[in-house]
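The values are calculated or read from the model by the stated rules, or taken from the named source; none is laboratory data. Owing to the predicted nature of the structure, the values given are computational and were not obtained by experimental measurement. No Cβ is skipped: glycine too gets one built from the backbone with ideal geometry, and neighbour counts run over all protein chains shown. The protein model used for the area step is the full one, side chains on, heavy atoms only, and it has no ligands, DNA or RNA in it. Shrake-Rupley method; radii C 1.70, N 1.55, O 1.52, S 1.80 Å.
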Amino acid sequence: MKLITVEEHFESAAVTAAMRQAVGNAVLPAVSPALRQYMRDNLPSPAIMQDTQHERLAFMAQYGIDMQVLSYGNSSPQNLSPEQAVPLSQLANDELAKAVVAHPDRYAGLAVLPVGDPQAAVAELNRAVTTLGLRGVLLKGNYQNKFFDEPFFLPIFEAAAALDVPVYFHPSFIPQAVTSHYFESNQWSDVVTGILSSAGYGWHMDVGIQVIRMIASGIFDKLPGLKLISGHWGELVPTIFGTFG
């Protein structure tokens, strides 16, 4: 049996530097200082995230992973303004493709798209798949508090369906108002709030809502061949609907 892991984030030093030059620290998530320190202490370092030649391959060998599907995580330029996101997404996909080309039997890749400009996103998805050889696209969180069921984004899904590649939904940090209502308490620290509102539960809730909204929008009637992938518990939504619907 071949073991393929599908949510394996990657960063490029060139992309990170270009993003910081363009927007400064605006690329960092808006979290409390305590949670930011926790993230620095406990999450993989930039050097680990950028490596595709040594430690990552050794990790894969140690745990019997045959292939990783690489994608951008918190370093993604997706949600920047279109004039910034278009060239940075192109650079990100070029950098990701280099890693895949260097080890085509160990890595595949999911593209980054400048979703604030759907037509530019369609052009980049076509380039990423047909020229760079990437296998689909990862959409992270939402764009300016708009979920991806909005008609504004339909061209992206039309292009993915036409190319017969999947769209992977990945969560991002949820709005502060939602965090405050569901996850804050004077009984625990900002770090606990931050974890509960992100990888602890908030991310799973948010991407699950995205999946539900896509189903309710009727997009599968418009595009019956569309392939969606959801991690972080969003994949539980069909199970819940099937059990209780």
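List of remarks:
- Residue in the stretch 82-102 that is surrounded by 18 or more Cβ atoms within 10 Å (Cβ to Cβ) and not in a helix (DSSP H, G or I) present: no
- Subset of the stretch 60-76 (residues that are modelled with pLDDT of 95 or more and either on the phi < 0 side of the Ramachandran plot or among the aliphatic types (A, V, I, L, M) (or both)): M60, A61, Q62, Y63, I65, D66, M67, Q68, V69, L70, S71
- Being among the hydrophobic types (A, V, I, L, M, F, W, C) and crowded, with 17+ Cβ neighbours inside 10 Å holds for only one residue in F220, F148, and it is F148.
- Identity of the residue in the stretch 1-45, surrounded by fewer than 16 Cβ atoms within 10 Å (Cβ to Cβ) and of a type in the set (D, E, K, R), that ends up farthest from S81 (Cα to Cα): K2
- Any hit, the stretch 142-152, residues being in contact with a strand residue (DSSP E or B) (Cβ under 9 Å, 6 or more places away or on another chain) and polar (S, T, N, Q): no
- Single unsatisfied condition, I48 versus (1) β-branched (V, I, T); (2) closer than 28 Å to F147 by Cα; (3) open to solvent by 30 Å² or more (accessible area, probe 1.4 Å): (2)
- From the options A92, A128, A121, residue that is under 17 Å from the mean Cα position of the chain (by Cα) and in contact (Cβ under 8 Å) with a residue 60 or more places away in the chain: A92
- Among the residues of the stretch 153-168, those that are touching a Pro at 6+ places or on another chain (Cβ under 9 Å) and within 17 Å of V211 (Cα to Cα) comprise F153, L154, I156, A160, A161.
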